[in-house]
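The values are calculated or read from the model by the stated rules, or taken from the named source; none is laboratory data. A quick note: this is a predicted structure, and the numbers were derived from the prediction, not measured. Neighbour counts run over all protein chains shown; Cβ positions are idealised from the backbone, glycine included.
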Amino acid sequence: MTRFPKRPAQTGFLYALLAYASWGLLPLYWKQFGNASPLEIVSHRVIWSLILLATFIVMFRQVDEMRAVLRDGRRLATLVLTASLLGANWALFIYGVVSDQVVQTSLGYFLNPLVSILLGFVFLKERLSRMQTGAVFLAVCGVAHFGFHVGHLPWLALSLALTFGLYGLLRKIVTVTPLVGVTVETSLIAPIALGIIWALSSQRRAEFGGSLQLNLLFVGAGVVTTLPLLWFNSAAKLLRLATMGFLQYLAPTLQLLVGTIVFNEPFSAREAMSFILIWTAIALYVFSLLRARRNAIPKPEPD
């Protein structure tokens, strides 16, 4: 990654496209694991991600910063919580893919920014504009409509949105760089991942080691997890927040297309109505951000 790109906007846009497109197409990767359990997949995802992240920590000379974080009890305690939320989010997402619920996973990530707004209002006392309040209300209506017609609350979508929303909230208040933070989080849940892998192997329920192709998929889980995170962090440094806000919906949109077109998951008119309500909420949310930014620009004084 170039430290001083000659065209920061174009470079940042490319990084953002790579990150969000990768996240949107990840269901295609997880589907290749066949009969492997979500627990085994996410455990290998943690272990191989940690190996790659540790390599980057050394390459980018952030070992001292990581040691400082590990010695800071307060920051470490917060990262224990974020690690738990991140691991839960990864496991829920993989479960949604292997159980043929990609449409509902996309619903969860469409809801995520609106959940973040609500969490900011409750915990950080951030004020909501009328448009943002209306956006949250429309999102609630969309979820209620979806749950009413499927006969139960879309718990998977809500869990994905809530775990990632809480993760973002806690990461906002802890002072740690992205690479060090993710590495510490991954290292904290690595012992649990190793325990799960050992338990599955001892019970002869592990798929790892069954074939070369499957082994490569398990190892590659670390790559497809870590690289989009690094691309995202690089994009965030080079692009405006509003631009990142627009591009973030590429991921759930691709997930929805993969679920309906590639995996042939049902997507009825009733489900479409739920998504229309949520898409309208997102449009209100983005418009409110753009209007707030425009109003914040000082007007030139008359001569």
Handout entry: Restricting segment 274-303 to residues that are aromatic (F, W, Y) and modelled with pLDDT under 85, the residue that is surrounded by the fewest Cβ atoms within 10 Å (Cβ to Cβ)
Key = F287
Handout entry: Hits in segment 176-211 - residues which are without any contact (Cβ under 8 Å) to a residue 40 or more places away in the chain and of a type outside the set (G, A, S)
Key = P191, W198, Q203, R204
Completion exercise
Those residues of segment 255-273 which are in a helix (DSSP H, G or I) and modelled with pLDDT of 85 or more amount to Q255, L256, L257, V258, G259, T260, I261, V262, A272, M273
Problem - Candidates S22, S37, S49 - the one that is within 23 Å of the chain's Cα centre (by Cα), more than 19 Å from T105 (Cβ to Cβ) and either hydroxyl-bearing (S, T, Y) or surrounded by 13 or more Cβ atoms within 10 Å (Cβ to Cβ) (or both) - result: S49
Problem - Those residues of segment 114-160 which are without any contact (Cβ under 8 Å) to a residue 60 or more places away in the chain, surrounded by fewer than 18 Cβ atoms within 10 Å (Cβ to Cβ) and either touching a Pro at 6+ places or on another chain (Cβ under 6 Å) or among the polar types (S, T, N, Q) (or both), in sequence order - result: T133, G147
Handout entry: helices (runs of 4 or more DSSP H) completely within segment 1-113 that count 3 or more residues being over 28 Å from R270 (Cα atoms) and without any contact (Cβ under 8 Å) to a residue 60 or more places away in the chain
Key = 38-59, 63-71, 73-98
Problem - Residues located in segment 142-156, provided they are under 23 Å from the mean Cα position of the chain (by Cα) and assigned to a loop (DSSP other than H, G, I, E, B) - result: L153, P154
Problem - Complete set of residues in segment 198-231 that are in contact with a Leu (Cβ under 9 Å, 6 or more places away or on another chain), in a helix (DSSP H, G or I) and buried (at least 17 other Cβ atoms within 10 Å of the Cβ) - result: L200, G222, V224, T225, T226, P228, L229, L230, W231
Problem - Flag if Q101 is more than 28 Å from A36 (Cβ to Cβ) and surrounded by 18 or more Cβ atoms within 10 Å (Cβ to Cβ) - result: no
